[in-house]
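Here the structure is laid out as structure tokens; the discussion comes afterwards.
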Amino acid sequence: MSARDLLQPDRGQSARTIELVAATGFDTWLNAQPPRTRAAVAAQKMKGKAGSSLTVPGEGDDWSVMLAVGEGQLGPWDLAKLAETLPEGSYRLSGGEAGAAMLGWVLGQYRFDRYRKSEGEGPRILLSGEPARMAEALEIAAATAKVRDLVNIGASDLGPAELEAEAWALADAYGATLHVTGGAALAKGYPMIQAVGQAAARGREPRLIELEWGDPKHPRIALIGKGVCFDSGGLDIKPSSGMRLMKKDMGGAAHVLALAGLVMAARLKVRLHVLVPAVENAIAGNAFRPGDVLATRKGLTVENTNTDAEGRLILGDALTKAGEDKPELILDFATLTGAARVALGPDLPATFVNDEPLAEALLAAARDVDDPLWRLPLWDGYDEMLKSDIADMVNAPDSGFAGAVTAALFLRRFVPEGTPWAHFDTFAWRPTAKPGRPKGGDALGLRAAWAMLKTRYA
């Protein structure tokens, strides 16, 4: 059964009932229950805390479920734990609409089973009388699952060529055009992308993947995703502990491919330009070195002070290309800095925006869909940290201070002046499981960006 079957129209089919009870009204609800229900509450030591649930015995072998909820409408994750733990079968809510919680119902049943057989039980189906919300939840769940799948795949099975294949599949699905630059053309036109990826083995050569879709008369927007399919750190090699999760360093690319799918499926009135610089930061005799001065598509020179600060390099060339077509908006996603994780932890993408109306729209969208973002400053005072003695700039300051900020300031050098731009320094990973959000790859910031785009261009 596909994910789309987990939400079905309610036509009066046989189903178990999920009763929603406000946590503040739990005692009143309990006092009105028959003795067998009060006994079940006592046996399970339930106190009615929001998020807690109870199997309510009925007549014979009949039973239902009570879920304690907070005030107001359900949030995306309020039904997720039930979707993970209930027996297989069909369910319907009593006394409320699922709304946003349909997303968690579907994602609570997500499994990454590429490398082992899933041991999960059969599907839990939620019946709903909200067809529009159902369709929306399924689209966003599919996009989120795509990010999770791509990030979870091992680097041996997902390199630049496989990332390109994902883009081709997306282009074929929506009638988009795809252009891939590699080889000598890449070295000439996108020297930083070439430098970062040139040490990769045969078959894993660097490339710039570009997808375009939509009416050229519509506003042009660019989505850029960091596609480092594995990051050894280069000659500034990472320790083994730091390399362990570097299959996820293409998480930015996964986000923009999923976001592009949402844009095209909804037929937003935009001219969409997706750019994914896809590389492997490998070690070999021809690897780029600390101290090398790199050319750029923009014409600036960059002193490479750290081969493990490679993501900003490939994004710089991609940002330059995006700007040449004069977009009215640029968004980039990247698993860019450990500094962002030190500052904000795994759940909050560090968000940098050069335009106040865009920043306000993104933060409002993040609140509306419960996909949190945290804005950090493009602090002009730190721009001097990028000074080089021999080139126009360095890629990584020696001080180690404000690492997420200086990385964003580096990227800003390649954004056309006056073009609204937002940079998402996202983790793309959950180190611990939460209801509806298993440990592993995840979309962080995707729903907020999509909500903003949908409001702006629908």
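May I ask you to list the residues in the stretch 121-135 that are buried (at least 18 other Cβ atoms within 10 Å of the Cβ) and more than 18 Å from residue 81 (Cβ to Cβ)?
Listed by number, the residues that qualify are 127, 128, 133, 134.
Quick check on the stretch 422-439: of everything there that is in a strand (DSSP E or B) and touching a Pro at 6+ places or on another chain (Cβ under 9 Å), which residue is surrounded by the most Cβ atoms within 10 Å (Cβ to Cβ)?
Result: 425.
Just to verify a result, which residue in the stretch 211-247, among those that are charged (D, E, K, R) and crowded, with 24+ Cβ neighbours inside 10 Å, is nearest to residue 138 (Cα to Cα)?
By that ranking, first place goes to 226.
Checking residue 236 against (1) assigned to a helix (DSSP H, G or I); (2) touching a Ser or Thr at 6+ places or on another chain (Cβ under 7 Å), which test does it fail?
Residue 236 satisfies all of (1) assigned to a helix (DSSP H, G or I); (2) touching a Ser or Thr at 6+ places or on another chain (Cβ under 7 Å) except (1).
Residues 407, 443, 448: which one is of a type in the set (Gly, Ala, Ser), in a helix (DSSP H, G or I) and in contact with a Ser or Thr (Cβ under 6 Å, 6 or more places away or on another chain)?
407
Given the criteria in contact (Cβ under 8 Å) with a residue 12 or more places away in the chain, in the same structural domain as residue 154 (by TED's automatic domain parsing) and not polar (S, T, N, Q), does residue 433 qualify?
no
Has the stretch 199-212 got at least one residue that is modelled with pLDDT of 95 or more, of a type in the set (A, V, I, L, M) and either within 30 Å of residue 437 (Cα to Cα) or not assigned by TED's automatic domain parsing to the domain that holds residue 254 (or both)?
Yes, the stretch 199-212 has at least one match.
Of the conditions (1) at pLDDT 95 or above; (2) among the hydrophobic types (A, V, I, L, M, F, W, C); (3) in the same structural domain as residue 26 (by TED's automatic domain parsing); (4) under 27 Å from residue 29 (Cα atoms), residue 126 clears all except one; give me its number.
So the condition that residue 126 fails would be (3).
Any idea which residue in the stretch 139-149 is surrounded by the fewest Cβ atoms within 10 Å (Cβ to Cβ), counting only those that are of a type in the set (A, V, I, L, M, F, W, C) and either without any contact (Cβ under 8 Å) to a residue 40 or more places away in the chain or out of contact with any Gly (no Cβ under 7 Å at 6 or more places or on another chain) (or both)?
Out of the qualifying residues, it is 142.
Taking the options 136, 121, 166, name whichever one is out of contact with any Gly (no Cβ under 8 Å at 6 or more places or on another chain) and part of a loop (DSSP other than H, G, I, E, B).
Exactly one of 136, 121, 166 is out of contact with any Gly (no Cβ under 8 Å at 6 or more places or on another chain) and part of a loop (DSSP other than H, G, I, E, B), namely 121.
Please work out which one of (1) farther than 24 Å from residue 22 by Cα; (2) surrounded by 13 or more Cβ atoms within 10 Å (Cβ to Cβ) is the condition residue 67 fails and give its number.
Residue 67 satisfies every listed condition except (1).
Being buried (at least 24 other Cβ atoms within 10 Å of the Cβ) and within 16 Å of residue 391 (Cα to Cα) narrows it down to one residue among 313, 300; which is it?
Sole residue among the options that is buried (at least 24 other Cβ atoms within 10 Å of the Cβ) and within 16 Å of residue 391 (Cα to Cα): 313.
Pick from the stretch 94-110 the residues that are over 17 Å from residue 135 (Cβ atoms) and at pLDDT 95 or above: which of them is surrounded by the most Cβ atoms within 10 Å (Cβ to Cβ)?
Ranking the qualifying residues of the stretch 94-110, first place goes to 108.
The values are calculated or read from the model by the stated rules, or taken from the named source; none is laboratory data. Remember, predicted model here, so these are calculated numbers, not experimental data. Note that each Cβ is placed from the backbone with ideal geometry, even for glycine, and that neighbours are counted across all protein chains shown.
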